Amino acid sequence: MKESNKKIELLGSAPISKALLSMGLPTMIGMMITALYNLVDAYFVGGLGTSQMGAISVAFPLGQLVVGLGLLFGNGAASYIARLLGHGDNEKAGKVVSTSIYSSIIVGTLVIIVIMIFLNPILKLLGATKSIMPYAISYASIYVVSSIFNIFNVTMTNIVTSEGAAKTTMCAMLLGALLNMILDPIFIYTFGLGVRGASIATAISQIASTLVYVGYILSKKSIFSFRINECCFSKEIFSEILKIGIPTLIFQLLTSLAITLTNMEATKYGDSVIAGMGAVTRITSLGSLVVFGFIKGFQPIAGYNFGSKNYDRLHIAIKTSILWTTVFCVVLGLILILFPKSIISQFTSGDILLIENGSKALRANGFSFMLFGFYTVYSTLFLALGKAKEG
């Protein structure tokens with residue numbers, strides 16, 4: 001009970017800077033490490049060759065879809081949960097938690113089955129050339145099946161953070177990311193499994209993160225019970241979850257579409273350009289995930305104080321979040337603009353075409369990234385307030 005009171009106090013009455021750091025820093029660190037392991041993954045696979053690097057670039061949109069399914073239920077539920085906690089309706093919040101978790105598992109399983117049935121044509125549509133296709137199938141066949149764990153993890157990340165337990169989220173992300181970094185070179189090179197080894201390492205890491213969340217559920221430290229009999233597939237609950245979740249999913253799908261169209265256009269110029277675009281995507285994701293990690297801490301604070309009608313505290317949280325994220329985005333944007341070749345060259349064994357095209361794309365991303373923090377704070381604010389259309 002004391003643990004629950006501390007979580008509620010953090011959301012509703014602790015100094016804003018302390019609350020944002022306590023909520024945002026753990027998820028920010030966790031997401032930063034997650035982005036780092038994506039880069040490490042690309043670094044080790046890049047050493048295998050351009051076609052292998054192209055394979056994980058082609059499969060990347062499938063990962064975005066997986067994250068989108070987790071966000072559909074996780075982010076949608078998190079917004080509603082924070083507002084319910086602000087109103088003091090913990091019982092209903094518990095029903096939302098259980099409904100979102102088990103719904104994400106059911107829907108995720110169905111989507112994975114469909115993807116596996118049509119895997120070859122999907123990979124071709126995503127931009128896999130004849131030389132990339134064998135590696136893409138080898139990587140994606142394991143990556144897609146194991147993504148059910150990631151769907152659960154993304155859903156839990158949002159829900160657990162919404163009740164103020166950001167450190168649990170950080171532990172789950174850290175364990176998965178660090179384990180992946182350790183296993184990548186072992187499975188790829190020591191065991192000689194190539195890109196297939198990279199997908200196996202990712203699968204094991206995702207399972208490890210899942211076990212952290214399962215342990216949290218069993219520990220009874222949460223405000224919620226997570227019992228399946230608390231599922232309530234009512235119109236009201238689903239409309240609130242989907243009202244926020246669907247726009248979030250659409251955003252992820254549009255991101256996947258943008259990457260897919262880029263890959264399809266890049267096929268005209270060869271595997272080096274496809275691999276270069278993939279490297280740029282993973283590099284910029286490092287910065288965006290740091291911002292998203294911080295915003296995961298801001299969202300429940302905004303939702304809770306909106307629900308409890310503490311608008312002065314909400315305004316302070318908005319201003320502080322904009323300031324902190326904008327400073328970070330401007331600094332990182334300048335680094336990408338000034339040192340693109342030095343950064344992109346770390347993801348190839350000397351492919352000049354990859355470095356040349358990747359550097360141009362990375363510099364362009366640096367300019368656009370400078371406004372990313374401002375945009376993300378406001379879009380997340382509207383989601384936290386339950387105003388999805390504005391977000």
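Every number here is computed from the coordinates shown, using simple stated rules; none is lab data. What you see is a predicted model; the values in this text were computed from it and never measured. Don't worry about glycine lacking a Cβ; one is built from the backbone with ideal geometry, like all the others, and counts go over all protein chains shown.
Couple of notes before you dig in:
- Shape call, segment 304-391: gyration tensor on alpha carbons, a/c limit 1.5: prolate
- Full-stretch length increase - TYR375, ALA258 - with 0.36 nm per residue and alpha-carbon distance subtracted: 40.3 nm
- Set LYS92/LYS221; LYS6/LYS92; LYS167/LYS243; LYS221/LYS319 screened for pairs whose C-alpha atoms are more than 30 Å apart: LYS221/LYS319
- Tensor-based shape of segment 222-306 (alpha-carbon gyration tensor, a/c under 1.5 rounded, otherwise prolate or oblate): prolate
- HIS315-PHE191 FRET efficiency (beta carbon distance; Förster radius 51 Å; 0.05 resolution): 0.40
- Shape descriptor for the chain: Rg over Rh equals 0.97 (Cα atoms; Rh from the Kirkwood inverse mean 1/r).
- Karplus-derived 3J(HN,Hα), 6.51/-1.76/1.60, for each residue of segment 304-321, Hz, glycine and proline x: 5, 6, 5, x, 8, 6, 8, 6, 4, 5, 4, 4, 5, 4, 5, 4, 5, 5
- Kirkwood analysis of segment 351-391, using all unique Cα-Cα pairs, places the hydrodynamic radius at 12.2 Å.
- Normalised by the number of residues in the chain, the average gap of Cα pairs under 8 Å and 6 or more apart makes the relative contact order 30 percent.
- Lysines with Cα under 25 Å of LYS130, excluding same-chain neighbours fewer than 8 positions away: LYS268
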